[in-house]
Amino acid sequence: MILITSCPSIALWAQNTGALPTLSSTKTDSSNKTNTADWEEGHATISAQQSGSTKEITLDTSLITFHQRPYTQAWQTNLGNLGSASQTWLLKNNNQIGPSLRRQVNEVYTLQADSLLYFNTTKPFTIFSYQMGSKNENLLRLLHTQNIKPNFNMAFQYHKLTSPGFYKAQRNNHDLVSLNAHYTSNNKHYECWGAFIFNEIQQDENGGISDISKLTDSRYADKKTMPIVFQHDDYSTTRSAVTNVQKEYIFQLKQSYALGHSDTIWNEDSSLKTIQLNSRFSLVHQLEFSTNTHTYKDLRPDSAYYHTWFDHRFNALDSVFSKQTWTRFDNQFLLKTTIGNLQHPLELQAGIGARIDQLSNNLNNAADNTSIYSNYLVAHLDRNAMHPNELEVHAYGQFIATGSASGNHTLQLQVAKKISNQLGNIQIGLNENQSNAAFQFTNFSSNYYAFTKDLNASLHNQLYVKWKLDKLHLSFEARQHLLSNYIYLNAQQVVSQSDQTIAITQFIISKNFVFKNVINTNELLISQLKSDDPFAIPSFASKHQLAIQTPAFHNAMQLTSGIEALYHNAYYGNGYSPLFQQFYIQKTTRINNQVNISLFFNVKVKKMRAYIMFDQIQQLLGTQNMQAIGYAAPDFSMRFGFNWNLVN
């Protein structure tokens, strides 16, 4: 294999912070090859789209953000160890409707069918990414894609995460696999996308630190000696007796048949032909099957810990166990039509769907099953901007008409347009989502504890406006959220539902300064909410970066180094419940004002990028930060990582 020399710099998993100037830039190059005679000529050509979309995905390959820790950007935090349960300060609208198993705390790590990329490449292409950190933290991400034929591509992904963590018994172990394929018939009438995904996330639970005052005690300088809630040294000194495991299998098949006629167009010397499809109507079918299982085990249960939910005096052979499973079958048919110019159409899809959801508590092979049958209406509307000043419109709606989830619906509308070079771009959107309570909140069973609860459907409305002026590297976004019947875990770790409408306003302001090779990026998050709202969000948080970009060896190498800081003011942080694997709301303990400081050094040589990063610099000054109540940030640490794009 050799390094890619002139195909587009495609790197999945990069963090996108906007259009900052770089020492070199690469435009996305794409084509739909139909003649194998061209395959061995010239350089590799690669394009990527999501299923059913013609819009090409431009992936961030900037050097200035390459070092940033994956899964914790965009105001995302975890329990202090890579791969652990995650939460965000930036409120989002969950567009999932109908029956569901639980509110996800691991979704940021998993692969999902709708976000997979489908490639078209003239040569086999591989992305290899690896990260190694302190305390045996390892993250491997591999993607390989190649066209079996000019009209048939396959792609494979594998992600492996292992992180024992700085504190005792907090090991995380992830295995994620995806295999997807895209086929287009020679006459371009038939198109098919298929995907298989497997996600397995294992999280050892240590219950948090039993006494956070010991964080400043020099006797516990080695955090592995810090006392934890689930202290079971008789079980293991490295693993926890308490674990949460999620396993998920997803299969998706999407196919489309276009009605109309195809034209064959030859070049001037008749050596190359191109098939051009003229169609205004298509039939679309999508089939999806998935199964999702969450298992909780405590092999050394403590009666005092479970006293909140039940009273039982455990003996040495007892264990606490719960297992919830969600199996989903979804089948939909749509009619797709194009309105206007076929080269730049307004695409409208509408149809019907049917789904079967089976939710269960599985205890000792005796399953408590709930089966739900639903029929729904669904519609899409899309118009992509082919030129900068054109209007771009996207809309999606789904309404469940039958079954116990009838009335559940989601509506998404987004309009975007570039006003001018002087006034920038504006984007306006509306999201509305009404959905039944997750099964975990209404029907939960373990071998010692069970409850059922009658909850109303939750309603979440979001209105947002985003303005961006590339000329000044400035952007502003305002989000207004209204939530009714919001469901959460209260301070006693018991399911509760708010009887009031909750209003939350958030502002995201970004401003970057550039002077020669010096770049300063700044992002502010301002949140307005009432003190008794069931959310744990600081009213003010900010992220800052100061970096220097310099070329070396006659521009053969690019170097970027700098410092980053994350600040937030004091707020009532969330607690975390291992039994439910959910965050819970508490209003008694505050997480103080905190600053996280990091140093980084990034380098790029051709299509290989590498970095060295020093995290939690402030801890060298004796400042210990908290991630959640009882869960501390990791110690000062070093990380090394690289990304390598290869082509045969």
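The values are calculated or read from the model by the stated rules, or taken from the named source; none is laboratory data. Not measured: the values here are computed from a predicted model. Methodologically, a virtual Cβ is constructed for each residue, glycine included, from the backbone with ideal geometry; neighbour enumeration extends over all protein chains shown. What goes into the accessible areas is simple: the full protein's heavy atoms, side chains included, and nothing from ligands, DNA or RNA. Shrake-Rupley method; radii C 1.70, N 1.55, O 1.52, S 1.80 Å.
Give the residue list of trypsin sites (Lys or Arg not before Pro) in the stretch 450-487 that are DSSP loop and have at most 16 other beta-carbon atoms within 10 angstrom.
In loop regions of the stretch 450-487 (DSSP not H, G, I, E or B), the sparsely surrounded trypsin sites (Lys or Arg not before Pro) are LYS453.
Per DSSP helix of 4 or more residues, -39500 (n - 2.57); summed, then divided by the residues of the chain. What does that give at 222 nm, rounded to the nearest 500?
Rounded to the nearest 500, it is 0 deg cm²/dmol.
Quick check: pseudo-label points 7 Å beyond the Cα along Cα→Cβ at SER539 and LYS587, how many nm apart are they?
Distance between the two pseudo-spin positions: 1.5 nm.
Quick check: pseudo-label points 7 Å beyond the Cα along Cα→Cβ at ALA350 and ARG280, how many nm apart are they?
Placing both labels 7 Å beyond Cα along the Cβ direction yields 1.6 nm.
To the nearest 0.05, how large is the calculated FRET efficiency for TYR449 and LEU620 if R₀ is 35 Å and r is the Cβ-Cβ distance?
It comes out at approximately 0.20.
When ligands, DNA and RNA are left out and all protein chains stay put, how many square angstrom of accessible area per residue does the chain have with a 1.4 Å probe?
46 Å²
Starting from the 7 Å offset along Cα-to-Cβ, what nm value, one decimal, do you get for the label separation of LYS214 and PHE553?
For the pair LYS214/PHE553, the computed spacing is 4.9 nm.
Measure out, as a whole number of angstrom, how far apart the alpha-carbon centroids of the stretch 68-103 and the stretch 344-393 sit.
With the stretch 68-103 and the stretch 344-393 each reduced to a Cα centre, they are spaced 21 Å.
Which percent of the accessible heavy-atom area of the chain goes to carbon and sulfur, probe 1.4 angstrom?
56 percent
At a 10 angstrom cut-off on C-beta neighbours, averaged per residue, how do the peptides 437-445, 296-304, 586-594, 312-320 rank from highest to lowest?
Per-residue Cβ counts within 10 Å, averaged per peptide and sorted highest first, yield 437-445, 296-304, 586-594, 312-320.
Structure shown: which of LYS273/LYS604; LYS224/LYS543; LYS55/LYS123; LYS55/LYS254 lie over 27 Å apart, alpha-carbon to alpha-carbon?
LYS273/LYS604; LYS224/LYS543
What FRET efficiency, computed as 1/(1 + (r/R0)^6) with R0 = 60 Å and r the Cβ-Cβ distance, is obtained for GLN358 and HIS387, rounded to the nearest 0.05?
0.80
Cα-Cα pairs above 42 Å in the chain: how many percent?
Looking at the chain, the distances longer than 42 Å represent 28 percent of pairs.
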